[in-house]
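Laboratory data are not the source of any read-out in this text; all were calculated from the coordinates shown. Quantities reported herein were computed from a predicted structural model and do not represent experimental measurements. Counting neighbours? That spans all protein chains shown, and the Cβs are built from the backbone with ideal geometry, glycine included.
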Amino acid sequence: MASINRSVMQKTSRQWLRDLGPGKLDAAEISGAWGESLGFRSFQSFHYPDFDPCAGPFLNGDGKPLKFDVILANQVWEHIDRPYAATRNVFRMLRKGGWFWVAVPFFIPYHAVPVDCSRWSARGLRNLLIEAGFEEDSIRAAQWGNRAMALRNLERPWPPEARPEDDLTNDPDFPLVAWAMGRKPG
């Protein structure tokens with residue numbers, strides 16, 4: 001079963017990404033393989049911290065940045081030391097008109113894997129993408145959570161798995177997770 005912290009975010013994000021027409025896009029994911037099932041033309045996974053987006057764009061055999069139509073970062077940006085530099089490096093790895101999707105926790109326990117550095121709201125992610133050069137008018141940002149699900153975050157083992165009786169209504173003043181997507185000009 002999925003974590004309650006990600007259930008609404010994943011449903012909404014899958015729709016945002018399907019709207020891009022994934023069958024014609026080359027994708028990369030920093031952090032795992034959540035997006036692999038979306039049917040991208042090609043898909044590469046880069047696991048953090050083995051691949052650290054703070055260090056620079058990921059390079060091909062000729063030493064040039066790899067290029068993608070979409071890059072996904074699912075629950076990893078809170079673990080990196082320099083998120084602005086990492087976001088600029090993602091920008092450099094995108095083709096013109098390419099998309100960056102990022103999802104992060106907001107109100108969940110500290111989880112150092114290997115470190116835990118930051119939290120963002122939807123507005124904070126929007127601002128991060130604007131400052132990194134993404135088209136302001138293209139940016140979509142959302143957040144979800146509520147007090148009942150925040151209490152579930154105190155359960156062990158963590159993260160708590162979703163239950164059919166969970167209240168998935170959104171309290172905009174109590175986010176558990178935030179996500180955003182922006183387009184590189186092109």
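What Rg and what Dmax come out for the chain when only alpha-carbon atoms are used, in angstroms?
For the chain, the Cα-based Rg and Dmax read 16.0, 53 Å.
If the cut-off is a Cα-Cα distance under 19 Å, which lysines reach LYS67, setting aside same-chain residues fewer than 8 apart in sequence?
Reachable lysines: LYS24, LYS96, LYS184.
Report the full-extension gain for the segment TYR110 to PHE51: residue separation times 0.36 nm, less the Cα-Cα distance, to one decimal in nm.
Values: separation 59, 0.36 × 59 = 21.24 nm, distance 2.20 nm.
Between TYR110 and PHE51, full extension yields 19.0 nm more.
No solvent, one uniform scatterer per C-alpha: report log10 I(q)/I(0) for segment 80-186 via the Debye equation at q = 0.12, 0.13, 0.17, 0.19 1/Å, two decimals.
One equal scatterer on each Cα of segment 80-186 leads to -0.48, -0.55, -0.84, -0.97.
Arranged from highest to lowest average of other beta-carbon atoms within 10 Å per residue, in what order do the peptides 14-24, 156-166 appear?
14-24, 156-166
Counting only complete DSSP H runs, which helices of the chain cover 30 Å or more along their long axis at the Cα atoms and score a mean Kyte-Doolittle of 0.0 or above? Mind showing how you got there, number by number?
Details: long enough: none.
Result, helices passing both filters: zero.
Counting other C-beta atoms within 10 Å, which of LEU125, LEU59 has the fewest, and how do the rest follow?
Details: LEU125 27, LEU59 11.
Sorted ascending by nearby Cβ count, the order is LEU59, LEU125.
Just name one of LEU168, LEU66, GLY35: the one whose Cα is farthest towards the positive end of the charge dipole of the chain (beta-carbon charges, Lys/Arg +1, Asp/Glu -1).
Result: LEU66.
From largest to smallest, what semi-axes in whole angstrom does segment 131-182 give when each is the square root of 5 times an eigenvalue of its alpha carbon gyration tensor?
Details: eigenvalues 163, 28, 17 Å².
For segment 131-182, the ellipsoid semi-axes come out as 29, 12, 9 Å.
If neighbour count is taken as other Cβ atoms inside 10 Å, put VAL177, VAL8 in order from fewest to most.
Final ranking by Cβ density, sparse to dense: VAL8, VAL177.
For the pair ARG119 and LYS64, what calculated FRET efficiency results from E = 1/(1 + (r/R0)^6), where r is the Cβ-Cβ distance and R0 = 30 Å, to the nearest 0.05? Could you put the intermediate results ahead of the total?
Details: r = 34 Å, r/R0 = 1.13.
In this case the efficiency is close to 0.30.
In debye to the nearest 20, how big a dipole does the chain give about its Cα centre with +1 on each Lys and Arg Cβ and -1 on each Asp and Glu Cβ? Write out the running numbers ahead of the final one.
Numbers: 23 positive and 22 negative charges, 104 e Å.
Once rounded to the nearest 20, the dipole reads 500 debye.
Take ILE108, ILE130, ILE139, ILE30 and order them by how many other Cβ atoms sit within 10 Å, fewest up front. Spell out each step's value before the answer.
Numbers: ILE108 22, ILE130 13, ILE139 19, ILE30 26.
Sorted ascending by nearby Cβ count, the order is ILE130, ILE139, ILE108, ILE30.
Quickly estimate the mean residue ellipticity at 222 nm for the chain, helices only: each DSSP H run with n ≥ 4 gives -39500 (n - 2.57), and the total goes over all residues, rounded to 500. Mind showing how you got there, number by number?
Details: 4 runs with 42 residues, N = 186.
Counting only the DSSP helices, I get -6500 deg cm²/dmol.
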